[in-house]
1. Return the residue satisfying two criteria in turn: it lies in segment 151-179 and is in a helix (DSSP H, G or I) and hydrophobic (A, V, I, L, M, F, W, C), and of such residues it is surrounded by the fewest Cβ atoms within 10 Å (Cβ to Cβ).
2. List every residue pair whose Cβ atoms sit under 9 Å apart, with the two residues 6 or more apart in sequence or on different chains, where the first one lies in segment 278-299 and is within 18 Å of S317 (Cβ to Cβ) and at pLDDT below 95 and the second, anywhere, is assigned to a loop (DSSP other than H, G, I, E, B) and of a type in the set (F, W, Y).
3. Looking only at segment 73-120, count how many residues are on the phi > 0 side of the Ramachandran plot and surrounded by fewer than 17 Cβ atoms within 10 Å (Cβ to Cβ).
4. Before we move on, is G245 under 30 Å from I35 (Cβ atoms) and not aliphatic (A, V, I, L, M)?
5. Of everything in segment 38-66 that's among the hydroxyl-bearing types (S, T, Y) and part of a loop (DSSP other than H, G, I, E, B), which residue is nearest to L206 (Cα to Cα)?
6. Residues in segment 16-28: is at least one closer than 23 Å to G295 by Cβ, at pLDDT below 70 and surrounded by 11 or more Cβ atoms within 10 Å (Cβ to Cβ)?
7. Could you count how many residues in segment 306-319 are in contact (Cβ under 8 Å) with a residue 40 or more places away in the chain, out of contact with any Asp or Glu (no Cβ under 8 Å at 6 or more places or on another chain) and either closer than 22 Å to Y100 by Cβ or in a strand (DSSP E or B) (or both)?
8. Since G232 meets every condition but one in (1) modelled with pLDDT under 95; (2) touching a helix residue (DSSP H, G or I) at 6+ places or on another chain (Cβ under 8 Å); (3) in a helix (DSSP H, G or I), which condition does it not meet?
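The values are calculated or read from the model by the stated rules, or taken from the named source; none is laboratory data. All values derive from a computational prediction rather than experimental measurement. We place every Cβ from the backbone using ideal geometry, glycine too, and count neighbours over all the protein chains shown.
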Amino acid sequence: MIQQHGGNILQYENILDFSANINPLGIPESVRKAIIANIDCIEKYPDPDSTELRKKLAVHEGVNAENIVCGNGADDLIFRIVHALKPQKALVCAPSFSEYSRALSEVNCDICEHELTESSGFAVTESILEQLDSTYDICFVCTPNNPTGQLIAPEILQKLSQKCLKNNIILVCDECFMGFVRNSENYTIRNFFNDRCIILKAFTKLYATPGIRLGYAVCDSTEIADRLKNSGQFWNVSSLAQKVGTAALDEAEYVRKTIEIITAERRFLASELTDMGAKIFDSSANFLLFKSHTGLCEKMLAEGILIRDCQNFSRLSAGFYRIAVRTHDKNLLLINVLRRCING
């Protein structure tokens, strides 16, 4: 039972979902109120420029609003980037999020993989710099990476940014899970930004709003931002999504509490899984990648819990699984069921 992505639970009844990496605190109350208060806005077309939201994002990100492009989730922006820029040769890491390659294949791009090895804990190392040369048009990296949770070391990000600038390569840095990282300001590509860089971010995971669909891209180049804006559909962000984003950006305490809980619970899950004999890979996100017995997904599903089988990620095989970090009571349920399924 292998799913293309996590969170596909509609075909199941009474299932506890650990396959989707959504904030376990749920929707912030201010966001919930914003949805209710603005429900009537669905009777009108949304602002195609997301003007109010982009102004607030500009303050939040410390850039000009002209350098921000909003989209119908980060996925929408991945496809916008690819269709706007039409790269002929791309480098993607493997394992990583599959939508980069899916989007690139739509424009008949030559897709090359940079293998992240199990022996290095799936970390991005300087070897990516050796593979990347002037024949590439675009490079996608993800930090923390999905499904490994690995951050890219700042010194690697700096060298990667510099090499892409030197060789006129667009560097797309997916930071959709950066909101769960303690001291995230030390790990963002913003510290090494140049006009070849694009950052991807989303409200989906951090603010527990996957059904709303809202993401944004931060570009150092206004020319690239304009090209992204003019790619894809005209009304790409719904009125409700714009109101949700505007409200969510005020939730500093919610984010602080999220990081605190995720850090503690991730440590708890890693310790318990290690005691069961599973191989844990270091994560800084709200999920964990681990290696254990094959067939574990089916056993867990029979017990009413859905985890992510990762063998359809490029370079991962049967026996790799990803679990979301949830609240302590849910995590205890998961551990008890995992213990029965792994150890009998």
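1. We begin by selecting, within segment 151-179, every residue in a helix (DSSP H, G or I); these are 154-166, 178-179.
Among the residues that remain, those that are also hydrophobic (A, V, I, L, M, F, W, C) are: 156-157, 160, 164-165, 178.
Working: I156: 19, L157: 23, L160: 24, C164: 24, L165: 17, M178: 25.
The residue in question is L165.
2. Every condition considered, no pair remains.
3. First pass over segment 73-120, keeping only residues on the phi > 0 side of the Ramachandran plot: 73, 86, 108.
From the residues that got through so far, the ones that are surrounded by fewer than 17 Cβ atoms within 10 Å (Cβ to Cβ) too are 86, 108.
Counting residues in segment 73-120 that are on the phi > 0 side of the Ramachandran plot and surrounded by fewer than 17 Cβ atoms within 10 Å (Cβ to Cβ) gives 2.
4. Numbers: under 30 Å from I35 (Cβ atoms): yes; not aliphatic (A, V, I, L, M): yes.
Considered against the rule, which asks whether it is under 30 Å from I35 (Cβ atoms) and not aliphatic (A, V, I, L, M), G245 comes out as yes.
5. Looking only at segment 38-66, we keep the residues that are among the hydroxyl-bearing types (S, T, Y), and these are 45, 50-51.
Retained after the next criterion (residues that are part of a loop (DSSP other than H, G, I, E, B)): 45, 50.
Working: Y45: 27, S50: 20 Å.
Among residues in segment 38-66 that are among the hydroxyl-bearing types (S, T, Y) and part of a loop (DSSP other than H, G, I, E, B), the one nearest to L206 (Cα to Cα) is S50.
6. No; the residues of segment 16-28 include none that is closer than 23 Å to G295 by Cβ, at pLDDT below 70 and surrounded by 11 or more Cβ atoms within 10 Å (Cβ to Cβ).
7. To start, the set of residues in segment 306-319 that are in contact (Cβ under 8 Å) with a residue 40 or more places away in the chain comprises 306-316.
Filter once more, so that each one left must be out of contact with any Asp or Glu (no Cβ under 8 Å at 6 or more places or on another chain): 307-313, 316.
Narrowing further to those that are either closer than 22 Å to Y100 by Cβ or in a strand (DSSP E or B) (or both): 308-313, 316.
Of the residues in that region, 7 qualify.
8. All conditions pass for G232, except number (3).
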